[in-house]
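Here's the structure we're looking at; comments come further down.
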Amino acid sequence: MRYIWIVMIIGSLLQAESFTLESETLQGQMVKAQEFDGFGCNGKNISPELHWDHAPKGTKSFAVTVYDPDAPTGSGWWHWLIVNIPVDTHKIAADASAKKTLPKGALETTTDYGHAGFGGACPPQGDKAHRYIFTVHALDVESLPVNAESKSAVVGFMINKHTIQKASMISYYQRD
């Protein structure tokens, strides 16, 4: 009988679906349209479509971040921070940042470009391909005590303090 219970528990764990993040417009390699328009780059700065499934139990809101650990700053580069995404939301549309079509209640905060909103890829000319880590965080609070002017380090701290689980995907970009 004990063996049957162990098999049932293992079977349940294997059938549990993982928290996942995917995109229709973002693949393993970012495209010119997702490149920043500034800092020497001349892309269209179009934020990608993102969607996620199977949030963990206890999720009360979501946050989305985009981080480049390869930026030559010594501390990486925050390209996008969105917090207070309602728990019933499971998608961010393409170009939602520029078109101001984020889900109601969602808040974009200051990136390392110095303003709130999506800041596309812009690695230094001739540098190796940079990794852009897109992450959705399932949070244990409905909203974080931050505002649009909050610095990325503070927002990152608050997100990590309240993350139940996260799902990520990596895309690469290199300028010739």
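The numbers here are math on the coordinates, done by the rules we state, and not lab data. Just so we're clear, the structure is a prediction, and the values are computed from it rather than from any experiment. FYI the Cβ positions are ideal-geometry reconstructions off the backbone, even for glycines, and counts take in every protein chain you see.
Mean residue ellipticity at 222 nm from the helices of the chain, using -39,500 (n - 2.57) per DSSP H segment of n ≥ 4 over the full residue count, to the nearest 500 deg cm²/dmol? Please list the in-between numbers first.
On the way: 3 runs with 29 residues, N = 176.
The helix-only estimate for the chain comes to -5000 deg cm²/dmol at 222 nm.
Would you work out the relative contact order for the chain, in percent, from Cα pairs under 8 angstrom that are 6 or more residues apart? Worked out over the chain, it gives 26 percent.
Distance from the C-alpha centroid of region 39-66 to that of region 146-176: 9 Å, rounded to the whole angstrom. Between K91 and K128, the FRET efficiency estimated from the beta carbon spacing at R0 = 45 angstrom works out to 0.90. Projected label points at F157 and T59, each 7 Å from Cα along the beta carbon direction, are separated by 2.7 nanometres.
Rounded to the nearest 10 degrees, the inclination of helix 2-15 to the longest alpha-carbon principal axis of the chain is 20 degrees. Working from the Cα coordinates of the chain, the gyration tensor eigenvalues give, after taking √(5λ), semi-axes of 31, 19, 15 Å in decreasing order. Among the lysines of region 7-144, pairs at least eight places apart or on separate chains and with Cα atoms under 18 Å apart come to 9. If exposed means no more than 14 neighbouring beta carbons inside 10 Å and the site is in a DSSP loop, what's the longest run of the chain without any exposed trypsin sites (Lys or Arg not before Pro)? Free of exposed loop sites, the longest segment is 129-176.
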